[in-house]
1. Taking K and R as +1 and D and E as -1, what net charge do the other residues with C-beta under 11 Å from the C-beta of C51 add up to?
2. Pairs of Cα atoms under 8 Å, at least six residues apart: use those to get the relative contact order of segment 60-120, whole percent.
3. Pulled fully out, how much extra length does the chain show between E46 and K109, if you take 0.36 nm times their separation in residues and subtract their Cα-Cα distance?
4. From largest to smallest, what semi-axes in whole angstrom does segment 12-76 give when each is the square root of 5 times an eigenvalue of its alpha carbon gyration tensor?
5. Tell me the net charge near K97. Cut-off is 15 Å between Cβ atoms, K97 excluded, with +1 for each Lys or Arg and -1 for each Asp or Glu.
6. Quick query: amide H of F116 versus all other amide H atoms, modeled in the peptide plane; which residues come in under 5 Å with a sequence gap of 5 or more or a different chain?
7. Of K22/K150; K42/K156; K109/K141; K22/K43, which pairs sit farther than 29 Å apart, going by alpha carbon to alpha carbon?
8. In terms of solvent-accessible area of protein heavy atoms at a 1.4 angstrom probe, what is the ranking of D93, D31, D102, D52, highest value first?
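The values are calculated or read from the model by the stated rules, or taken from the named source; none is laboratory data. On a predicted model such as this, the values are computed, not experimentally measured, just so you know. As a convention, Cβ positions derive from the backbone with ideal geometry for all residues, glycine included, and neighbour counts pool all protein chains shown. When the accessible area is computed, the model is the full protein with side chains, heavy atoms only, and any ligands, DNA or RNA have been set aside. Shrake-Rupley method; radii C 1.70, N 1.55, O 1.52, S 1.80 Å.
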Amino acid sequence: IIDDLLELSRLEESSNGLAKSKINILELINDSMNECQYSCLKKDIELNVRCDKSITFNLNKRLIQESIVNLIQNAIQYSEKNSKITISSFVDDGYLKIEVKDSGIGIEKNEIKNIFKRFYCVDRSRSKDNGGTGLGLSIVKHIISLHNGKIDVQSKIGKGSNFILIIPEG
C-alpha cells in the first residue's frame, strides 16, 4: 500500500514535463503480458493479444506499461480459472485505444463511477484475500490523465469487463 501511495503522489506531482517517446505498442503489450505471466499460470488463464505490429505512439512507456499491467492483474484477479483475457490495441481517429477484456465476475453499473476512487474496492472480500489496496485503478486514471487521455469501462455482471485506455496523439 505504501508503494501505491508513493506512486500516486509522484504522479500528482509530475503533471508537467512527462517524458514521452515513440513506442511500439505490440512490444509494450507483450512486455506487460510477460510481467503477468506467473499470475496467469497460477489460474490457467490464457492471455491473447490483438495488435498490429506496426502501431507506434508517443507516450511514456513505463507509465503506460504500469497501467496495462494493473488492468491485466485486475482481470486475472476477478476471472475464474481456465478463462481468457484479451488485450487489444488499435488507432481510431487519432486516438490510441488499448483494451483489456476479461470474462470475469463483472462490475455492477452503479459501482463503475466509484472504481477510480482511492481505496475503493468493488469486492472487499476478494481484495483482502488477494492483497488489493484499492489504489490501482486510481493510479491508472492518473497516468492516463497525464497523457491527456481517458479510461472507459464496459461491464456486465457474470459476463466480464472491458477497460479501454484512450490516449490522443501528441
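1. 0
2. Across segment 60-120, relative contact order equals 28 percent.
3. This chain segment gains 20.0 nm when fully extended.
4. Those come to 24, 16, 7 Å.
5. So the environment of K97 carries a net charge of -3.
6. Residues meeting the amide H criterion: none.
7. Violating the 29 Å Cα-Cα cut-off are K22/K43.
8. If we order D93, D31, D102, D52 from most to least accessible, we get D93, D52, D31, D102.
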